[in-house]
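Single-structure report; data block below.
Coordinate-derived values only; no laboratory data. Computed from a predicted structure; not experimentally measured. Quick reminder, even Gly has a Cβ in these numbers, built from the backbone with ideal geometry, and neighbours come from all protein chains shown.
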Amino acid sequence: GQSLEQPSEVTAVEGAIVQINCTYQTSGFYGLSWYQQHDGGAPTFLSYNALDGLEETGRFSSFLSRSDSYGYLLLQELQMKDSASYFCALLVYQGGKLIFGQGTELSVKP
Amino acid sequence: ETGVTQTPRHLVMGMTNKKSLKCEQHLGHNAMYWYKQSAKKPLELMFVYNFKEQTENNSVPSRFSPECPNSSHLFLHLHTLQPEDSALYLCASSQSTSGRDTQYFGPGTRLTVL
C-alpha cells in the first residue's frame, strides 16, 4: 500500500525557520508535492519534487530523498499568515493519483 | 484566484434529501477530481475523470454519483446520505492524469448531513 506520515502539529515564532517532515511508503511515484490549506479554504499548491534534492520557491523550500523515503518542507522568515495546515502528497503512478498525508497544523506565534 | 469554483459553499441536508454539488474549472484542464476531507483525516480521492471519462472510482458508496458532462464541469449527486458523510468535498483539476501535473483545488463544499 501507500502511506505518508507527518507530524500533526508544529509551533514556531514569527521570523523563525520551521521544517515539516514527511516520510512515505509507496511502490512507485512521480514525485512529492506540498500543499497549504488555511482553515476553511482550498488546498493551494506550494511545491513539487520529482527528483532528489532541494527546490526553492521564495521563502519556501522542499526537499526529497528517494533513497530515504523522506521529504520536508522548509519555511523561512515565518509570518503570521503562514499559520495553516501543510500536506505532503505523493503523485503515484496509478493514473496520476495524489495520496495525501494527514497534514501538519502550523501555528506561528508573535 | 477563481480557477476552480464550487457551489454551494455550504450545504445542510437530511438523510432522505437529494442534492448536487457543482464544480467548474476555467483553466482549460482535461482531468477533474472529487476528494473528501473529513476532520483529522487525509484528503481521500473519490473519483477521477479524464476527458469526461471516469477513470477512477475509489470504492465510493453508490449514494455518491458523479457526472462529468464536459471537461470544464463536474457534478457530485448525493442521495440518502449518512451523517458520517458530513465533510468538506473538494474538487480539483489538472492538465491530464498522466502524472506530473499539478492539481488545482476549488474552495470546497462544506456538507452537513443531519
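Some values worked out for this structure:
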quantity	calculated
Qualifying position, being out of contact with any Lys or Arg (no Cβ under 7 Å at 6 or more places or on another chain), buried (at least 21 other Cβ atoms within 10 Å of the Cβ) and not acidic (Asp, Glu), among A:LYS81, A:LYS109, A:LYS97	A:LYS97
Matching option when the condition is within 11 Å of chain A (Cβ to nearest Cβ) and surrounded by fewer than 20 Cβ atoms within 10 Å (Cβ to Cβ), among B:SER59, B:SER98	B:SER98
Some residue of the range A:63-72 being within 13 Å of another protein chain (Cβ to nearest Cβ) and outside any loop (DSSP other than H, G, I, E, B)	no
Residue within the range A:16-26 that is within 14 Å of chain B (Cβ to nearest Cβ), within 21 Å of B:TYR104 (Cα to Cα) and surrounded by fewer than 21 Cβ atoms within 10 Å (Cβ to Cβ) present	no
Odd one out for B:ALA87, checked against (1) more than 14 Å from chain A (Cβ to nearest Cβ); (2) surrounded by 15 or more Cβ atoms within 10 Å (Cβ to Cβ); (3) touching a Ser or Thr at 6+ places or on another chain (Cβ under 6 Å)	(1)
